[in-house]
1. For region 74-89, in order, what is each residue's ³J(HN,Hα) by Karplus, 6.51 cos²θ - 1.76 cosθ + 1.60 with θ = phi - 60°, in whole Hz (x at glycine and Pro)?
2. With every protein chain kept in place and ligands, DNA and RNA left out, what is the accessible area per residue of region 27-123? Probe 1.4 Å, answer in Å².
3. Expressed in nm², what is the orientationally averaged projection area of the convex hull enclosing the Cα positions of region 34-95?
4. At what distance in angstrom do the alpha carbon centres of region 20-41 and region 155-176 lie from each other?
5. Below 13 angstrom from the Cβ of Leu103, what's the summed charge of the other residues (Lys, Arg +1; Asp, Glu -1)?
6. Which values, in whole Å and largest first, are the semi-axes of the equivalent ellipsoid of region 68-127 obtained as the square root of 5 times each eigenvalue of the Cα gyration tensor?
7. Is there a quick way to get the dipole size of region 40-132? I mean about its Cα centre, with the Cβ of Lys and Arg at +1 and of Asp and Glu at -1; what is the value in debye to the nearest 20?
8. Along the positive direction of the dipole of region 42-107 (beta-carbon charges: Lys, Arg +1; Asp, Glu -1; about the Cα centre), which of Gln99, Tyr81, Leu50 reaches farthest?
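The values are calculated or read from the model by the stated rules, or taken from the named source; none is laboratory data. The model shown is predicted, which means the values in this text are computed figures rather than measured ones. Using ideal geometry, Cβ is built from the backbone for each residue, glycine included, and neighbour counts are taken over all protein chains shown. These accessible areas exclude ligands, DNA and RNA; they are computed on the full protein's heavy atoms, side chains included. Shrake-Rupley method; radii C 1.70, N 1.55, O 1.52, S 1.80 Å.
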Amino acid sequence: MVDMSDPSERGDTSERGLPGAGLVKGLAVTLKTMTSRSTTQQYPDTAPDLPPRSRGVIALSEENCTVCMLCARECPDWCIYIDSHKEEVVVPGAARPRQRNVLDKFDIDFSLCMYCGICIEVCPFDALYWSPEFEYAEYDIKDLLHDKDHLGQWMATVPPPPAHDPNGEPAKEETSAARKAAAARPAPAAVRPDADQDPAS
């Protein structure tokens, strides 16, 4: 049998304080909010001050896309539709022509998109970017299907990447470039003592 007269068994500890203290704290927050002056953002007359790295719409840099299909395969909503064809490229001096994928269709259905950003993260060639633009509401839901030309127009609104933190780790590209430059630099010649000079002196 559990002795319910013991306060520790009932869960009533001295750290809880007086009964109703939580209610008083909640009412204090409510009273403070009621008496403070409310501020209303005058949107759309005044543009909102968006935080950095806001997720608005996805922009496409078509020249960077290699039709690897990673974004479409990793999309949890299956809202990216890609179509392409192969084209032969004649390389001078090569034994046979090479093939490359040419992007025909790249559509994103923003009525299905949940803005998780997985497609942007998995893109290995920096073809997809976040744009802070969020004013693209439509009267018809079918107009939320943006094709590659429409997605390419959002590239003008993509902000530049933030500056690298000087106290942070250097980028992998910088490290490898410095390593290659150090390897290409000739090693300094070793200083040899003169033949007639006593090495002990």
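1. Per residue, the Karplus-derived 3J(HN,Hα) values read 8, 5, x, 9, 6, 10, 10, 10, 10, 9, 8, 9, 9, 10, 8, 10 Hz.
2. Details: 7180 Å² over 97 residues.
Per residue, region 27-123 has 74 Å² of solvent-accessible surface.
3. Numbers: hull surface 39.8 nm².
Directional mean of the projected Cα hull area for region 34-95 stands at 10.0 nm².
4. 42
5. Working: positive: Lys86, Arg100, Lys105, Lys148; negative: Glu62, Glu63, Asp83, Glu87, Asp104, Asp107, Asp147, Asp149.
Charge balance in the 13 Å sphere: -4.
6. Numbers: eigenvalues 188, 30, 11 Å².
Working through the eigenvalues yields semi-axes of 31, 12, 7 Å.
7. On the way: 8 positive and 14 negative charges, 80 e Å.
Dipole size: approximately 380 debye.
8. Towards the positive end, the residue furthest out is Gln99.
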